[in-house]
1. Residues to consider are V63, V42; find the one that is touching a Ser or Thr at 6+ places or on another chain (Cβ under 6 Å), modelled with pLDDT of 95 or more and in a strand (DSSP E or B).
2. Please determine whether any residue of segment 128-145 is in a strand (DSSP E or B) and over 16 Å from the mean Cα position of the chain (by Cα).
3. I need every pair where a residue in segment 127-142 that is buried (at least 22 other Cβ atoms within 10 Å of the Cβ) has its Cβ under 6 Å from the Cβ of a residue that is modelled with pLDDT of 95 or more and assigned to a loop (DSSP other than H, G, I, E, B), sequence separation at least 6 or different chains.
4. Can you name the condition, by its number, that N21 falls short on among (1) within 25 Å of S183 (Cα to Cα); (2) modelled with pLDDT of 90 or more; (3) open to solvent by less than 40 Å² (accessible area, probe 1.4 Å); (4) not small (G, A, S)?
5. Which numbered condition trips up A10, out of (1) open to solvent by less than 70 Å² (accessible area, probe 1.4 Å); (2) in a loop (DSSP other than H, G, I, E, B); (3) modelled with pLDDT of 90 or more?
6. Taking segment 103-115 as the search range and keeping residues that are surrounded by fewer than 17 Cβ atoms within 10 Å (Cβ to Cβ) and either in a loop (DSSP other than H, G, I, E, B) or touching a residue at least 24 places away in the same chain (Cβ under 8 Å) (or both), which one is nearest to the chain's Cα centre (by Cα)?
7. Would you pick out the residues in segment 13-36 that are part of a strand (DSSP E or B) and either closer than 30 Å to N55 by Cβ or of a type in the set (V, I, T) (or both)?
8. List, please: which pairs have Cβ atoms under 9 Å, are six or more places apart or on different chains, and start with a residue in segment 179-196 that is at positive phi and end with one that is assigned to a strand (DSSP E or B) and not polar (S, T, N, Q)?
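The values are calculated or read from the model by the stated rules, or taken from the named source; none is laboratory data. Since the structure is predicted, the reported quantities are computational estimates derived from the model, not experimental observations. Quick reminder, even Gly has a Cβ in these numbers, built from the backbone with ideal geometry, and neighbours come from all protein chains shown. Please note that ligands, DNA and RNA were not included when accessible areas were found on the heavy atoms of the full protein model with its side chains. Shrake-Rupley method; radii C 1.70, N 1.55, O 1.52, S 1.80 Å.
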Amino acid sequence: QLLVARWDTATSTWSAPTVVNPSVTNNQSVAFAARGNKAAFVWIQDLDGDPDTSNDTELYSQVWNGTSWGSAARITNDLLGDRPPQVAVSPSGDIYTVWVSGTDLVMQTNFTGPRSVVRADSGDAGFSDFTLTLADNGRVLVLWQAMSATGPDAFYRVFDPASNTWGLDDQLSRDSSMEKSFSAVWDSDSNLVIAYNNVEMVP
């Protein structure tokens, strides 16, 4: 089941959980994002329930429109294995979804239209743990782990909506420890704030 509860800042209490979807079977991961009157669940579903077959994993979504939850919708229908997604909602209500399709990291807006390639050849393990964050100015940032000359470090790319293009890889950390499990947000001054695990690598 997918369930949701709402935090009320006035009373400092959570609402009772309500069921969004009573039956989500063989799902491998679930991502959630909300802003204003828009919210979205996105998940990967294994169609045959067999984890040894990788080309039958597909992307699904379910959206809150400000009044009610819509039905679950299948987003992908191809022979490319889809892997865990990340989702973000813009101030204008657009829903950005990023996931690994085959071996490419891709992005789609509002679950329709063409997908833009965020980064080709992104099928390695570091992209199983990537994160997505969206700034108020529309810039989208993806952050992941990859090997560098100093070890497993954090890398990122930024999408510029003005030019509709993705930048190149940029390295965020340069040390011998391992950075993983990223969580990122933008503060009120448009500074990027990142929390992550920094694991010392012991020979």
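1. On the way: V63 fails: touching a Ser or Thr at 6+ places or on another chain (Cβ under 6 Å).
The match here is V42.
2. Step one: list which residues in segment 128-145 are in a strand (DSSP E or B), which gives 131-134, 140-145.
Subset that is over 16 Å from the mean Cα position of the chain (by Cα): none.
No, because not a single residue in segment 128-145 is in a strand (DSSP E or B) and over 16 Å from the mean Cα position of the chain (by Cα).
3. Close Cβ pairs (under 6 Å, with a partner that is modelled with pLDDT of 95 or more and assigned to a loop (DSSP other than H, G, I, E, B)) do not exist here.
4. (1)
5. Status for A10: all satisfied but (1).
6. The residue in question is N110.
7. Initially, segment 13-36 is screened for residues part of a strand (DSSP E or B), giving 13-14, 18-21, 27-35.
Across segment 13-36, the qualifying residues are T13, T18, V19, V20, N21, N27, Q28, S29, V30, A31, F32, A33.
8. Within 9 Å, the pairs are S181/A195; S181/Y196.
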